[in-house]
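A quick write-up on the structure given underneath.
The values are calculated or read from the model by the stated rules, or taken from the named source; none is laboratory data. Here the structure is a predicted model, which is why all the values come from computation and not from measurement. Every residue, glycine among them, receives a Cβ derived from its backbone with ideal geometry; neighbour counts consider all protein chains shown.
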Amino acid sequence: MLRKRAFDILRTDYVVIGPQDSFGDAVRRLFTHLAHTPDMDAAALVGPDGFVGVADSSDMLAALGDCAVDDGLRLSLGASDFEPVFAAQCRTCLGRPALEMLAARDGETPVAGPRDALVLVLDAMRQAGARFAAVVDGGRVLGLLSARDILGEFARLAETSRGI
């Protein structure tokens, strides 16, 4: 597995979220993308200075929840008032800048170079508790690696080396 490099299995079929995107734009683009590529539930966050992080639908849901629901909202409204106020809060949150909403949620996305050994990328992902790693070269995102794809690669390796 030391011969396999990050570049060998990186995925280029992901959504890029930039400084011009609202949070609502990011959510819509991710779900449009998922209709065509359901196994790539991630978006690269790219700011003016390059790579910022990776966000998936769980990160987006958590960011929306953090923004739209606070203790004051929960405590101040009765059951009949909650839904319209919550919907208005969600609309406000969806209009905010995506990077502002999501960069704070990124829990240290592992970053790999294109020539990094896959086993080292896996170790970095494991230590960070991350489902995705970004393959970055010179500040430019080349692609994403998912834990699922790395697991598949390990399974293929184990299967092909069984006779050795």
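If you filter segment 105-164 down to residues that are without any contact (Cβ under 8 Å) to a residue 24 or more places away in the chain and of a type in the set (Lys, Arg), you find that the one that is surrounded by the fewest Cβ atoms within 10 Å (Cβ to Cβ) is ARG162. Give the residues of segment 1-32 that are assigned to a strand (DSSP E or B) and without any contact (Cβ under 8 Å) to a residue 40 or more places away in the chain, sorted by residue number. Within segment 1-32, just VAL15 meets the criteria.
Scanning segment 33-74 for residues that are more than 15 Å from the chain's Cα centre (by Cα) and either at pLDDT 90 or above or in a strand (DSSP E or B) (or both), we see that the one that is farthest from ILE150 (Cα to Cα) is PRO48. Looking across segment 82-102, the residues that are under 14 Å from VAL27 (Cα atoms) and of a type in the set (A, V, I, L, M) come down to LEU94, ALA98, LEU99, MET101, LEU102. Go through segment 12-39 and give me each residue that's surrounded by fewer than 17 Cβ atoms within 10 Å (Cβ to Cβ) and under 12 Å from GLY143 (Cβ atoms). Of everything in segment 12-39, those that are surrounded by fewer than 17 Cβ atoms within 10 Å (Cβ to Cβ) and under 12 Å from GLY143 (Cβ atoms) turn out to be THR12, ASP13, VAL16.
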